[in-house]
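Before any comments, here is the structure.
Here, each number is a calculation from the coordinates, and none is a lab measurement. Computed from a predicted structure; not experimentally measured. Here the Cβ is made from the backbone with ideal geometry for all residues, glycine too, and neighbour counts use every protein chain on show.
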Amino acid sequence: MQTRISRNISIGIVLLLAGGAGIWWFIPKNEPAEARYATVTVERGSIIQSVSANGTLNPVVLVSVGSQISGIVKKLHADFNDQVKAGQVLLELDPTLTHAQLLQSEANIANAQASLELAQANEIRARGLFEQEYVTRQDLDTAVQMLKAAKAQLALAQAQMERDRTNLSYTVIRSPVSGVVVSRLVDVGQTVAASLQTPTLFQIAQDLSHMQIDTSYAEADVGNIRVGQQATFRVDAFPNRSFRGAVRQVRLNPTTQQNVVTYDVVVSVDNLDQVLMPGMTAYVNIVVAQRKDALRVPNAALRFRPGDAGPRPDKARNSGDSRPKDEGRGKDKGDTIPMGTVYVLEKGQPKAVRLSVGITDNRMTEVLGGEIKEGDAVVVEDRQPPAKNTGTGMRLF
């Protein structure tokens, strides 16, 4: 009996201790604001705003060498990566057919020349007989007309011969520019058909020491891009190396895909060591704005909202701008001024401070105006956000 009473007392003591621990655990603890909120000091520094896109490296001048006549490839004189000079022979087509056509044209010229000589003799004879009144005026006119027709036939035969001679020269394909052979699209024995359109035989890059990046930027970003702005880019072949370029052209022709409008931006690149190759994918960043000594706040501070501060403002319209902001209007101008809100600690509680903001590098944002100065601490994180009431709890009964 005494053992049972002792056991009940022990169980009661354990339950009291457990209940006390639970009450201590669930009672809210008042932590100092410095421990609850993480802050960052407002400072001055440089901010570089850039817009990014992917593009393709291409030669500035890429010449497609074709053929104006059809024929079978007889001999190749150039291959991939060969350095060629302007006028150098690249390829020869079988000249048998075009040479036969030239011989036929030469025979037609000989025939037309003989006809012309006969017409000249007949015209002289008819004119003499007409003066002696042995033939009529009609006979003389006929002889004159035959002479003119013979001259025309000779001119036609000569033109056909020039055409066939030119076609014969086209059987030898020469390089129109000096450069390097980027692509060869034919082989020996292949038939080149030029009846419908000019086939491409070679592609020659005129100068690979100067290249360009053809890239597309969304309409939200292209408004900040100007000719002459500096650009940096990387390629997969050299992941640890950064290359430089400059915006050469912003083309006005838009491209629309799935209701997304983009514009072609051409970036000029110096490739003096010729390590960059045509067709490489380039990851381009174009610097659109820069501040060297700007008062700046972290974007995390602009995104921060206390648990009881209500809904967050809408995010920035620009997809490359990660700061939330509102827009206000200037006093004298109709331009919209981006606005933002940060929080500072006052008597241990977050206090909202409105700011006018400028450019951003997606990590820091420029402060243009507001009740914030260098050295102030802004809240970036609440380490202990208020617990949400889930509607469930321990039932006592």
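Data table
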| quantity | calculated |
| --- | --- |
| Residue exposure sequence - 226, 291 - by fewest surrounding Cβ within 10 Å | 226, 291 |
| Signed unit charges on C-beta, dipole axis of the stretch 95-170, positive-most listed residue 145, 97, 107 | 97 |
| Long-range tail of P(r) for the stretch 58-182 (Cα pairs > 17 Å, %) | 69 |
| Two-decimal log10 I(q)/I(0) for the stretch 36-132, as the Debye equation yields it once each C-alpha is a single scatterer, q = 0.16 Å⁻¹ | -0.98 |
| Gyration tensor verdict on the stretch 196-257 (Cα atoms; rounded if a/c is under 1.5, prolate if a/b is larger than b/c, oblate otherwise) | oblate |
| Spin-label model distance (nm) - residue 273 vs residue 159, 7 Å beyond Cα toward Cβ | 6.0 |
| Anisotropy class of the stretch 253-299 from Cα gyration tensor, a/c 1.5 cut | oblate |
| Formal net charge of residues neighbouring residue 250 (Cβ-Cβ distance under 15 Å; K, R +1; D, E -1) | -1 |
| Residue order, fewest to most surrounding Cβ atoms within 10 angstrom, among 337, 286, 173 | 337, 173, 286 |
| Fewest-first ranking of 381, 346, using other Cβ atoms within 10 Å as the exposure measure | 346, 381 |
